[in-house]
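**Q** Here it is, the structure in full.
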Amino acid sequence: RLTRFYAGAPVCSPTRGSCLTGRNSFRYGVPTANTGHLRKEEISLPELLAEKGYTSGFFGKWHLGTLSPRFSGKGAGRKAAKNFMNPGMAGFAEWFASEFSIATYNPYEPANGHCQAAREGDMRALFWHNGKPLEKPLPGCASRMVTDKALPFISASVRERKPFLAVIWFHAPHLPVVGHPEYMTAHYRGLPDNQQHYFSCITALDAQVGRLRAHLRALNIEETTMLCFASDNGPEGNPGPRGNSQGTAGKFRGRKRSLYEGGLRVPAVIEWPGTLQPREVDAPCVSSDYFPTIAAMLELPLSDRPYDGINILPILTGEQKQRGSAIGFQFGRNRTLVTDRYKLVHNAGDLERSRSDNGKAPVARFELYDLGSDPFETRN
């Protein structure tokens, strides 16, 4: 369990690209959501792993470019042709993806539409499978829909004796949060309606992660498969929970879109029963570390381009206690540097005041925090 794991950015798209490239979003072209695309000249994790005979599959929320050069669910302003980059173009042999977020339950219901095109019943605004939108709507849980496509890919890879990379990016609990009726009734009856929706969609996500883990055990590959789980940013809502987005950052300062800990520090687990023993890791790690860590595991040399992540396998095994290098973050004009002990915050705009902690705490242009003794960033 990684207690100081950081998303690459305080919003979704930049973090997702950092997982696939090992690089900061300002290097690879997606500084925030629905802006730019994963550049074609980037070396993606699937492309790297192909050198070792890996097959790669992608399942879920893509958000790193449009899925078609002629359509975007965000409308003409998204410039579909200019920002065309689907998972297949990034090296995934099999993919089942939506361009961006969709409702967590019954996403094909027009009332749950996440954009105008979805509300009008345009199938192109939801899932695409290997370059084509689905012909018929799918009912029920979006987390299950994603897992339903990922598990056969894993089974086929094992059957064909191919090593595989499966990238599974669930939509939950991103807006639109629509509760899972079964779990709302079974577990959360009597709670406020917003909480019922949010908690049940989290339970639906948990159920599918459990289903994935059970599948690895059934295939007898649990010991030799590394399973990584993390979020892509802090909880939605500023200054607090909003509507069906009822997530919490606990005592951490800030939420989604903030460079304080609550916007960046996220839950994370790495499970690899044949190699890693259960333990807590308190050294700072970041989503950019996936790429160089996997490369090191497979003895694949990195290219000369700059990488922002590091190989954290020695940290995961306990051989190395500290990171030893800083992690840099930027969102808009605000920037931070995080080391093993300290965090330097550079606030370049007034927006941070309203996005961090209800606007009650003073915000200085430069702030320095000792995260060892003050993880909640209360004493500058």
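The values are calculated or read from the model by the stated rules, or taken from the named source; none is laboratory data. The structure presented is a predicted model; accordingly, all values stated were derived computationally and were not measured. Cβ sites come from the backbone with ideal geometry, for glycine too, and all protein chains shown count toward neighbours. Accessible surface is based on the protein model in full, side chains and every heavy atom, while ligands, DNA and RNA are left aside. Shrake-Rupley method; radii C 1.70, N 1.55, O 1.52, S 1.80 Å.
**Q** Looking only at segment 208-232, count how many residues are assigned to a loop (DSSP other than H, G, I, E, B) and on the phi < 0 side of the Ramachandran plot.
**A** Total meeting the criteria: 9.
**Q** I want to confirm something. Restricting to segment 221-254 and keeping residues that are open to solvent by 40 Å² or more (accessible area, probe 1.4 Å) and among the β-branched types (Val, Ile, Thr), which single residue is nearest to Lys162 (Cα to Cα)?
**A** By that ranking, first place goes to Thr224.
**Q** Which ones in segment 167-196 are over 22 Å from His63 (Cβ atoms) and touching a residue at least 40 places away in the same chain (Cβ under 8 Å)? Give the steps one after another, and end with the answer.
**A** Pass one, segment 167-196, residues over 22 Å from His63 (Cβ atoms): 179-196.
Gly179, His180, Pro181, Asn194, Gln195 - these are the residues of segment 167-196 that are over 22 Å from His63 (Cβ atoms) and touching a residue at least 40 places away in the same chain (Cβ under 8 Å).
**Q** I need the full set of residues from segment 233-260 which are more than 28 Å from Arg335 (Cβ to Cβ) and outside any loop (DSSP other than H, G, I, E, B), in order please.
**A** Residues of segment 233-260 more than 28 Å from Arg335 (Cβ to Cβ): 243-244, 246.
None; the set is empty.
**Q** Filter segment 94-121 for residues that are in a loop (DSSP other than H, G, I, E, B) and open to solvent by 40 Å² or more (accessible area, probe 1.4 Å) and give the result.
**A** Asn106, Glu109, Glu120, Gly121
**Q** When residues of segment 122-148 are filtered for being in a strand (DSSP E or B), open to solvent by less than 20 Å² (accessible area, probe 1.4 Å) and either at positive phi or without any contact (Cβ under 8 Å) to a residue 60 or more places away in the chain (or both), how many remain?
**A** As a first pass, look at segment 122-148 and keep what is in a strand (DSSP E or B): 127-129, 132-133, 141.
In the following step, the residues that additionally are open to solvent by less than 20 Å² (accessible area, probe 1.4 Å) were identified as 127-128, 141.
Now drop any that are not either at positive phi or without any contact (Cβ under 8 Å) to a residue 60 or more places away in the chain (or both), which leaves 127.
Total meeting the criteria: 1.
**Q** Would you call Leu151 modelled with pLDDT of 95 or more and outside any helix (DSSP H, G or I)?
**A** The answer is no for Leu151.
**Q** Six or more apart or on different chains, Cβ atoms under 7 Å: show the pairs whose first residue is in segment 366-380 and in contact (Cβ under 8 Å) with a residue 40 or more places away in the chain and over 11 Å from Val338 (Cβ atoms) and whose second is open to solvent by 40 Å² or more (accessible area, probe 1.4 Å) and among the basic types (Lys, Arg).
**A** Close Cβ pairs (under 7 Å, with a partner that is open to solvent by 40 Å² or more (accessible area, probe 1.4 Å) and among the basic types (Lys, Arg)) amount to Phe376/Lys251.
**Q** Tell me which residues, restricted to segment 1-59, are surrounded by fewer than 22 Cβ atoms within 10 Å (Cβ to Cβ), among the aliphatic types (A, V, I, L, M) and part of a loop (DSSP other than H, G, I, E, B).
**A** Once the filter is applied, which keeps residues that are surrounded by fewer than 22 Cβ atoms within 10 Å (Cβ to Cβ), among the aliphatic types (A, V, I, L, M) and part of a loop (DSSP other than H, G, I, E, B), segment 1-59 yields Ala33, Ile43.
**Q** So, one more: Report the residue count in segment 197-233 for those that are of a type in the set (A, V, I, L, M), under 18 Å from Met145 (Cβ atoms) and touching a residue at least 40 places away in the same chain (Cβ under 8 Å).
**A** 4
**Q** Select the helices (runs of 4 or more DSSP H) contained entirely in segment 261-357, then report the ones holding at least 2 residues which are polar (S, T, N, Q) and either under 28 Å from Leu48 (Cα atoms) or in contact (Cβ under 8 Å) with a residue 40 or more places away in the chain (or both).
**A** Working: elements: 261-264, 290-297, 313-317, 351-356.
Helices (runs of 4 or more DSSP H) meeting the threshold: 351-356.
**Q** For residues in segment 188-207 being assigned to a loop (DSSP other than H, G, I, E, B) and not small (Gly, Ala, Ser), which is most open to solvent (accessible area, probe 1.4 Å)? Don't jump to the end; show me each part of the working.
**A** Quick first cut of segment 188-207, residues assigned to a loop (DSSP other than H, G, I, E, B) only: 188-192.
From what is left, the residues that are not small (Gly, Ala, Ser) are 188-189, 191-192.
Working: Tyr188: 46, Arg189: 175, Leu191: 67, Pro192: 74 Å².
So the residue we want is Arg189.
**Q** Can you tell me which residue in segment 273-292 is surrounded by the most Cβ atoms within 10 Å (Cβ to Cβ), limited to those that are within 19 Å of the chain's Cα centre (by Cα) and within 19 Å of Thr339 (Cβ to Cβ)?
**A** Our first condition is that a residue be within 19 Å of the chain's Cα centre (by Cα); within segment 273-292, this holds for 284-292.
When the remaining residues are screened for being within 19 Å of Thr339 (Cβ to Cβ), the result is 284-289, 292.
On the way: Pro284: 25, Cys285: 25, Val286: 30, Ser287: 27, Ser288: 28, Asp289: 28, Pro292: 20.
In this case the residue turns out to be Val286.
**Q** Same structure, new question: Testing Val178 on (1) outside any helix (DSSP H, G or I); (2) surrounded by fewer than 19 Cβ atoms within 10 Å (Cβ to Cβ), one condition comes back false. Which one is that?
**A** Here Val178 clears every test but (2).
**Q** Please indicate, with yes or no, whether at least one residue in segment 293-303 is at pLDDT 95 or above and open to solvent by less than 10 Å² (accessible area, probe 1.4 Å).
**A** So far as segment 293-303 goes, yes, one or more of its residues are at pLDDT 95 or above and open to solvent by less than 10 Å² (accessible area, probe 1.4 Å).
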